[in-house]
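Undergrad: This is the structure I want to talk about, given as C-alpha cells.
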Amino acid sequence: MGDARIILAGLVPMLVLTILVYRERRNRKARGERPPVQEKLLRLPGHTLSRQIEELWEGFIVFAIAAGVLSILLAIFLSQTAGKETTTGLLIFVLVFGLGAGVCTVMAWRKIIALRPLRLGLLGEQSVAEQLQSLLADGYRVFHDVPSDGKWNIDHVVVGPAGVFAIETKSRTKRPGKKGERDHEAVFDGKAIHFPWGYDTDALEQARRNARWLAGTLSKATGERVTAQPIVALPGWLVTLKANSDVKVLSGKQVPGFVAKEPARLPGKVIQQIAYQLDQRCRDVEF
C-alpha cells in the first residue's frame, strides 16, 4: 500500500498539469478565440528546421521530466525500504524504475545532440536569406523553404529577370585541417567541395535534384519552359573555384552578386507567373 502511495504522489503533478492544459484549451475554444489573421503566411527562412527544433525541444522536455520523476520516485522508494528485507517485488520495482530513468536520460541526451546541427543549419539559412534581401531592389522575388511534393524542401528560390535560382545552403563548421591548408577555405574542383577536414559531393547532387524538380514543376504550372540554376551556398567560407560546373558553389555573400550580374532572360509576365506559383506553394503557415 505504501509503495502505491509513493507512485501516486509522484504522478499527481503530471496529472494535474495535463488537466490544466486540457482545460485551458477547452476554455479558449469555448470563448470563441481565433487568430486575428485568417490568411496563411509565407514560410520564413529555415521554417522546416525551426519546426524540427521545436519538436526536439518538446521531446527533450518530456524525457527530462520523465527521467526526473522516475529518479525521484526511485530515491523515495529506496529510502522508505532501507533496511527492509529484499524481495522479488522490490527488485522488480528498482529495475523497472531505474531502467526507465536511464532510458529517459539517454533519450533526452540524444535530443540535445540532435539539436546542434539543426541549429547550425537554421542559422546558415537565415544568414543566406539576409544576403538575398539585397536582390529585392533589383526586381527579384525570394522564397524560402520551398516545399516539394515529398518530404524535402529547397532552402531558397530566387526568381527575377535573370531567371530562377535554386539555392541549397550548407552550414559547415570550421576546424583545423592538414598542415598548410587554411581552415576557412573551401575549394571546389568541379566534382567535389573540399574542406580542410574532408570533402562533400552530396551537396552538389542535392542541388541538381532540387533544380531539376523545380524547373519541371514550374514548367508544368506555368506552361512556359523554365530552367533553374542550382547553387550551393556556403555561409562564412572563402570559396575558391578551380573548375567550372553546372552547379555554382559560392559563399553566402557571393550569391546576390552572382545573380545580379547574370543577363536578363525572363520577361515580366513569366516572372509574375512563376512568383505566383511559388507564393501559393510557400504560403502554408497558419497564424
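Undergrad: Is it true that some residue in region 276-284 is modelled with pLDDT under 95, acidic (Asp, Glu) and assigned to a strand (DSSP E or B)?
TA: Yes, there is a match, as at least one residue in region 276-284 is modelled with pLDDT under 95, acidic (Asp, Glu) and assigned to a strand (DSSP E or B).
Undergrad: On the given criteria, is residue 50 surrounded by 17 or more Cβ atoms within 10 Å (Cβ to Cβ) and not acidic (Asp, Glu)?
TA: yes
Undergrad: Right, something else. Could you list all residues from region 17-54 that are closer than 30 Å to residue 146 by Cβ, at pLDDT below 85 and not hydrophobic (A, V, I, L, M, F, W, C)?
TA: Scanning region 17-54 gives 34, 35, 36, 38.
Undergrad: Residue 161 is checked against (1) closer than 30 Å to residue 50 by Cα; (2) at pLDDT 95 or above and fails just one. What number does that condition carry?
TA: Every listed condition holds for residue 161 apart from (1).
Undergrad: In region 278-287, which residue that is surrounded by fewer than 18 Cβ atoms within 10 Å (Cβ to Cβ) and in contact (Cβ under 8 Å) with a residue 60 or more places away in the chain is nearest to residue 214 (Cα to Cα)?
TA: 279
Undergrad: Quick check on this structure: which one of 166, 137, 162, 129 is farther than 26 Å from residue 240 by Cβ and small (Gly, Ala, Ser)?
TA: Answer to the check: 137.
Undergrad: Just a yes or no: is a residue in region 94-102 in contact with a helix residue (DSSP H, G or I) (Cβ under 6 Å, 6 or more places away or on another chain), modelled with pLDDT of 80 or more, on the phi > 0 side of the Ramachandran plot and among the small types (Gly, Ala, Ser)?
TA: Looking through region 94-102, none of the residues is in contact with a helix residue (DSSP H, G or I) (Cβ under 6 Å, 6 or more places away or on another chain), modelled with pLDDT of 80 or more, on the phi > 0 side of the Ramachandran plot and among the small types (Gly, Ala, Ser).
Undergrad: Which residues, counting only those in region 218-244, are assigned to a loop (DSSP other than H, G, I, E, B) and either within 23 Å of the chain's Cα centre (by Cα) or over 22 Å from residue 149 (Cβ atoms) (or both)?
TA: 235, 236, 237, 242, 243, 244 - these are the residues of region 218-244 that are assigned to a loop (DSSP other than H, G, I, E, B) and either within 23 Å of the chain's Cα centre (by Cα) or over 22 Å from residue 149 (Cβ atoms) (or both).
Undergrad: Answer with yes or no whether residue 84 is in a helix (DSSP H, G or I), at pLDDT below 90, over 14 Å from the mean Cα position of the chain (by Cα) and among the charged types (D, E, K, R).
TA: Answer is no for this residue.
Undergrad: Something else now. Can you name the residue in region 226-266 that is in contact with a Pro (Cβ under 9 Å, 6 or more places away or on another chain) and farther than 30 Å from residue 181 by Cα and, of all such residues, is surrounded by the fewest Cβ atoms within 10 Å (Cβ to Cβ)?
TA: Filtering first and then ranking leaves 263.
Undergrad: To continue, here is another question. Among the residues of region 212-235, are any under 25 Å from residue 161 (Cβ atoms), free of Cβ contacts under 8 Å to residues at least 12 places away in the same chain and touching a Ser or Thr at 6+ places or on another chain (Cβ under 7 Å)?
TA: Yes, region 212-235 contains at least one residue that is under 25 Å from residue 161 (Cβ atoms), free of Cβ contacts under 8 Å to residues at least 12 places away in the same chain and touching a Ser or Thr at 6+ places or on another chain (Cβ under 7 Å).
Undergrad: I need every pair where a residue in region 137-165 that is over 19 Å from residue 252 (Cα atoms) and in the same structural domain as residue 267 (by TED's automatic domain parsing) has its Cβ under 6 Å from the Cβ of a residue that is buried (at least 22 other Cβ atoms within 10 Å of the Cβ) and of a type outside the set (Phe, Trp, Tyr), sequence separation at least 6 or different chains.
TA: 139/160
Undergrad: Working only within region 160-192, note down all residues that are over 23 Å from the mean Cα position of the chain (by Cα) and in a strand (DSSP E or B).
TA: If the condition is that a residue be over 23 Å from the mean Cα position of the chain (by Cα) and in a strand (DSSP E or B), then 160, 163, 164, 185, 186, 187, 188 are the ones that fit.
Undergrad: Residues of region 252-277 being in contact (Cβ under 8 Å) with a residue 60 or more places away in the chain and either closer than 23 Å to residue 124 by Cα or in the same structural domain as residue 47 (by TED's automatic domain parsing) (or both), which ones?
TA: If the condition is that a residue be in contact (Cβ under 8 Å) with a residue 60 or more places away in the chain and either closer than 23 Å to residue 124 by Cα or in the same structural domain as residue 47 (by TED's automatic domain parsing) (or both), then 252, 253, 255, 256, 259, 260 are the ones that fit.
Undergrad: Right, next: Quick one: which of 118, 99 is assigned to a helix (DSSP H, G or I) and either without any contact (Cβ under 8 Å) to a residue 12 or more places away in the chain or surrounded by 21 or more Cβ atoms within 10 Å (Cβ to Cβ) (or both)?
TA: 99
The values are calculated or read from the model by the stated rules, or taken from the named source; none is laboratory data. Computed from a predicted model, the values in this text were never measured in an experiment. For neighbour counting, all protein chains shown are included, and Cβ atoms are generated from backbone atoms with ideal geometry for every residue, glycine included.
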